[in-house]
1. Quick one: check the C-alpha center-to-center distance for the stretch A:185-260 versus the stretch B:151-182, whole angstrom.
2. Helix B:212-224: angle to the longest alpha-carbon principal axis of chain B, degrees 0 to 90, nearest 10?
3. Over the protein assembly as shown, what is the percentage of antiparallel beta bridges among all DSSP beta bridges, to the nearest 5?
4. Viscosity 1.002 mPa s, temperature 20 °C: give me the Stokes-Einstein translational D for chain B in µm²/s, with Rh taken as the Kirkwood radius over C-alpha pairs.
5. What does DSSP give for chain A in terms of the percent of beta bridges that are antiparallel, rounded to the nearest 5?
6. Return the distance in nm (one decimal) between the two label points of a simple spin-label model at residue A:194 and residue A:129, each offset 7 Å from Cα along Cα→Cβ.
7. Could you tell me whether the stretch B:175-281 comes out rounded, prolate or oblate from its Cα gyration tensor? Rule is a ≥ b ≥ c as square roots of the eigenvalues, rounded for a/c under 1.5, then prolate if a/b exceeds b/c, otherwise oblate.
8. At residue B:224, with labels set 7 Å past Cα in the Cβ direction, how many nm apart are the copies from this one, shortest first?
DNA sequence: CTGAAAGCGCTTACAG
DNA sequence: CTGAAAGCGCTTACAG
């Protein structure tokens, strides 16, 4: 049936306490026994039971996750982050509670709140501050602890990548509205172009919705308006999927005639082959929870930027005409 | 200080066992003591700790969830079902494990497997059968326990709904490939039309991808090919979102000129106002887990069909011209 | 470094 | 009907 810590202890001929110590990486375990225990665990495919773990470790903390409503609640990105967050909390044996949109009706005790994927950020942060509830935001907001992917660096990375392949006519599909993340991605992209020398480059930026349909329409309309870039950088992978579709409908071949890049790193699931600036989502989850713990301890707020990296893919190639 | 069951027991002058019994509604508690205990609980605002509860109630079963890969892993539908499943397992205090796509590398003990959202169903079911692993499928497969939404009934419901509004020129956006669910939805729809009398109806069915882009293209192409339905039934809500977009781009007003219906019931998040044949997803999760438990007990396989219902929305209206 | 033991908060045969 | 006790799977002072 289920294999437990005592099974491991028996097989490794140590006490359960010792097994527990190696699980938790306590340094006070002899190297030989540690190795032995790890071996047995590996062999039996053991994984500690998070529920039992929580019951016995039980940080006194209960932290709430306050998430937004609306269509993006079902977005691929949201779901990936949400799952990473849940897993992180489980691993750290922290009790988490998904909060309702309207917090004012909430009664159960709460040690901190993690705010994610929500609109009205300012209003919400004020609400929490007034109640002295430590808060951490996944995103940007002055004065509170925040964690976010390096959107600017990601934009720059996209620019460098496309420029490196010889592209000189570039299009950026960006997003309407005030959110920081897409502004940063666009800024980073432009920074990358500027570093290279703008005078040699033609660059156009258009704005639409951050969805498949949004990307489709932007790409199609830009093309029909006479834009002829060789490289397109999309603010999200979903938009890139749409752009892909539009190019297909227009008979423009990817990557031969046009290189397409996305942002988020969901390509493997969303559109195999799509090159993308990937976020390190497990790391974002990890940092978020660390900041929450710091906030509970009244440590001063910090802002963490989690690095991004290039997710390679066949959707980008040397610019046509071999300008390079 | 957190208040626990022993606190209640002390105040009510009974044992913790008795308190537990009233918490769980066991009938073997004298009315007077029950009342007394409830009073104390109420007074102290006591709520049982779910973690402790799970640890002690939990069936010793570990059940695996075997899900498919590919883009639909991030689809809204998948995510909604996934979360319902997780919650159901938690409530029943069953340990669940997300299985890797390649089960042959799996070592940890498993009492049963819930198969969901996967391709190669036949192959996978055979794999499990060979290993004597009880299996339950969300979907259709002969000889094993299955649970699925009533796709046929849902198709019929869509037909009745649109016919009831006076629509007589109908289009169905269906899906390419061999899966049962969209065949059933289409069949149900046609059944509904036939029951009404096909000779008074013009009906066209087209096939594409089950995505936003798929719906967009089907709708646009049908229109450009000269189709002029007044009612469109989409095999999924995602396709309906795409169809919506196409109609917008074509300048066709919804619902004045065209009624649009989806299927799945994700409209509230995906496209507010979209009318849809809604699946009862919590119920599907519930039945799945029940069947898994039965399968572990060697009970004979059963096939469960979960009813669907109409999710109302402003995307459907009386047919133009008031044919009704 | 490591074992024995108590404890996290709850449930449930087992007696009576 | 109800209490005493063992148990769910793990952690962590406390000794040694």
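1. A separation of 37 Å, based on Cα centres.
2. The angle comes out near 20 degrees.
3. Details: 8 of 85 bridges.
Approximately 10 percent, going by the DSSP bridge assignments.
4. Roughly 96 µm²/s, to the nearest whole number.
5. Details: 4 of 42 bridges.
Counting DSSP beta bridges with both partners in chain A, the antiparallel share is about 10 percent.
6. About 3.0 nm, to one decimal.
7. Values: a/c = 1.34, a/b = 1.05, b/c = 1.28.
Cα axes put the stretch B:175-281 in the rounded bin.
8. Copy-to-copy label distances at residue B:224, shortest first: 0.9 nm.
Each value in this text was obtained by applying a stated rule to the coordinates, not by laboratory testing. The shown structure was predicted, so the numbers you read here are calculated from the model rather than taken from an experiment. Positions of Cβ are backbone-derived with ideal geometry, glycine not excepted, and every protein chain shown enters the neighbour counts.
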